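Novice: Sharing a structure below in structure tokens format, with a few things to ask.
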Amino acid sequence: MHVPTVIEKKREGQSLADGEIRDFIAGYTCGDIPDYQMSALAMAIYFQGMTAEETASLTHAMLESGEVFEYPDTAPLVVDKHSTGGIGDKVSLVLAPLLACDELWVPMISGRGLGITGGTLDKLESIPGFDVSRSREQAMQQLEEVGVVMMGQTPEVCPADKRLYALRDVTATVPSQPLIVASIMSKKLAESLNRLVLDVKHGSGAFMKTRESAESLAGAMQAVGEAMGVDTRTVLNPMDQPLGQAVGNALEVAEALDVLRGAGPADLRQIVIELAAEVSEVDAGQLADWLDDGTALQKCRAMVAAQGGDAECLDRYDEVHPAAVTREVMSDRSGVVTAVDADRVGRASLALGAGRACADDEIDFSVGFDRLIKVGADVAAGGVLARIHAADDDAAMVAEQQLREAIEVE
Ligand code: URA
């Protein structure tokens, strides 16, 4: 294969053959095709799109870049959920252990921060000692013992997505339907699931800005899942304001732990229960009880301990990553909050250091926002709109300005 010719073909809007897509992904995964050529193809796909056939080829090529999970005959139902990404979306941190309370197996393969959105793996890695790289054998053993594992793509499982995901994050090639379908579905198909629920976001803080584009993405993922025999459900959810009241890695873990203690923001708790009920064998009432009575928190502790994490620190998580500077942003008027723009909040969080600009950037677990006010809330002049966690005063000052542009009070 002459790599520049394949890139040129897609750049000119032609369809790629199954063999060209498979050879490209195989070459990229083994290191024969460098990042700059993969970036060029990703950008060509971003602009020109892909047909349903090309998208299926890309998904299969990425799935087949690695191993898939195999379960013993005695395994229970295997289920999972995946979100297309949003601001403050820490649902997986609560939902995975919650689902495992039902004796189901939850082999969740997630990603790092992507574009303006945070990533489950980065959030988990804020837990001291937590290891997101599991071999297939370690994952199987943990499913037998705990029922839930939360891990990343590895050199054995979804290696193509591991590399391409990190590349897309820093080359502005994330919001492309075929690239999202292949990225998400290659991970979920590698898990060999019985049931999958996809949380498809639309709005300013989502990759799909309109409901129509989210519907199209949902349909494309559902088609791939069902063609592979997975009972796939999709739920569309707005992402115009951040989910919950915290944005930033450690701050989101703290908020997820609140929900696992039966507290936390109502919107977060509600979406966790709604999505879990789509794939669970028990009803929403039972799921709510497991949040309220500590069963889900216990499951989370067991999972953290099984992956080398410090389960004790979960009881005092707000002390684990204190930011150098915290500052409240006060409203300069009284009124009702009419907007908390998720896109602007996400970008402000990135600017504080919660995400990456280059693939090998270190992220700062401590920074971000909490106590974020919600749309519809009444606020008095001098009332708190949000609290900033920053590395220094200058960063806090910039973030305050960005938050003021994101939050509207009328
Ligand atoms: N989540 C993923 O795993 N991949 C994407 O491309 C978007 C969201």
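The values are calculated or read from the model by the stated rules, or taken from the named source; none is laboratory data. Not measured: the values here are computed from a predicted model. For neighbour counting, all protein chains shown are included, and Cβ atoms are generated from backbone atoms with ideal geometry for every residue, glycine included.
Novice: Which count do you get for residues in the stretch 153-211 that are more than 17 Å from residue 114 (Cβ to Cβ), out of contact with any Asp or Glu (no Cβ under 9 Å at 6 or more places or on another chain) and among the basic types (Lys, Arg)?
Specialist: 1
Novice: What's the number of the condition residue 195 fails, among (1) away from the ligand (no atom under 13 Å from the Cβ); (2) crowded, with 22+ Cβ neighbours inside 10 Å; (3) within 23 Å of residue 214 (Cα to Cα); (4) not hydrophobic (A, V, I, L, M, F, W, C)?
Specialist: Unmet condition: (2).
Novice: Look through 121, 99, 95, 58 and report the one residue that is within 22 Å of the chain's Cα centre (by Cα) and either surrounded by fewer than 24 Cβ atoms within 10 Å (Cβ to Cβ) or free of Cβ contacts under 8 Å to residues at least 60 places away in the same chain (or both).
Specialist: Sole residue among the options that is within 22 Å of the chain's Cα centre (by Cα) and either surrounded by fewer than 24 Cβ atoms within 10 Å (Cβ to Cβ) or free of Cβ contacts under 8 Å to residues at least 60 places away in the same chain (or both): 121.
Novice: Right, something else. Out of the stretch 251-263, which residues are over 13 Å from residue 315 (Cβ atoms) and free of Cβ contacts under 8 Å to residues at least 24 places away in the same chain?
Specialist: Once the filter is applied, which keeps residues that are over 13 Å from residue 315 (Cβ atoms) and free of Cβ contacts under 8 Å to residues at least 24 places away in the same chain, the stretch 251-263 yields only 263.
Novice: Among 186, 216, which is buried (at least 24 other Cβ atoms within 10 Å of the Cβ), assigned to a helix (DSSP H, G or I) and at pLDDT 95 or above?
Specialist: Numbers: 216 fails: buried (at least 24 other Cβ atoms within 10 Å of the Cβ).
Exactly one of 186, 216 is buried (at least 24 other Cβ atoms within 10 Å of the Cβ), assigned to a helix (DSSP H, G or I) and at pLDDT 95 or above, namely 186.
Novice: Could you tell me whether any residue of the stretch 35-44 is among the hydrophobic types (A, V, I, L, M, F, W, C) and farther than 30 Å from residue 347 by Cβ?
Specialist: No - not one qualifying residue is present in the stretch 35-44.
Novice: Please state which of the following conditions residue 328 fails to meet, knowing it meets all the rest: (1) surrounded by 14 or more Cβ atoms within 10 Å (Cβ to Cβ); (2) touching a Lys or Arg at 6+ places or on another chain (Cβ under 7 Å).
Specialist: It fails just one condition, (1).
Novice: Considering only the stretch 255-276, state which residues are crowded, with 22+ Cβ neighbours inside 10 Å and of a type in the set (Gly, Ala, Ser).
Specialist: Correct list: 256, 264, 276.
Novice: Of the residues 170, 230, 181, which single one is within 12 Å of the ligand (Cβ to nearest atom) and among the β-branched types (Val, Ile, Thr)?
Specialist: Every option except 181 fails the conditions.
Novice: Here's another thing I want to ask about it. Filter the stretch 387-410 for residues that are of a type outside the set (Val, Ile, Thr) and free of Cβ contacts under 8 Å to residues at least 60 places away in the same chain; which is surrounded by the most Cβ atoms within 10 Å (Cβ to Cβ)?
Specialist: Taking the stretch 387-410 as the starting set, the residues that turn out to be of a type outside the set (Val, Ile, Thr) are 387, 389-397, 399-406, 408, 410.
Those still in the list that are free of Cβ contacts under 8 Å to residues at least 60 places away in the same chain too: 394, 397, 399, 401-402.
Numbers: 394: 10, 397: 14, 399: 25, 401: 12, 402: 19.
So the residue we want is 399.
Novice: Continuing with the same structure: How many residues does the stretch 148-161 contain that are more than 10 Å from the ligand (Cβ to nearest atom), surrounded by 22 or more Cβ atoms within 10 Å (Cβ to Cβ) and in a helix (DSSP H, G or I)? Outline the logic, then answer.
Specialist: Going residue by residue through the stretch 148-161, those that are more than 10 Å from the ligand (Cβ to nearest atom) are 148-152, 154-157, 159-160.
So of that shortlist, the ones also surrounded by 22 or more Cβ atoms within 10 Å (Cβ to Cβ) come out as 148-152, 157, 160.
Subset that is in a helix (DSSP H, G or I): 160.
Number of matching residues: 1.
Novice: Which of the residues spanning the stretch 4-27 are under 22 Å from residue 65 (Cα atoms) and over 30 Å from the mean Cα position of the chain (by Cα)?
Specialist: Within the stretch 4-27, 4, 6, 17, 19 qualify.
Novice: May I ask you to verify whether residue 260 is at pLDDT 95 or above, within 15 Å of the ligand (Cβ to nearest atom) and not hydroxyl-bearing (Ser, Thr, Tyr)?
Specialist: No; evaluated as a whole, the condition is false for this residue.
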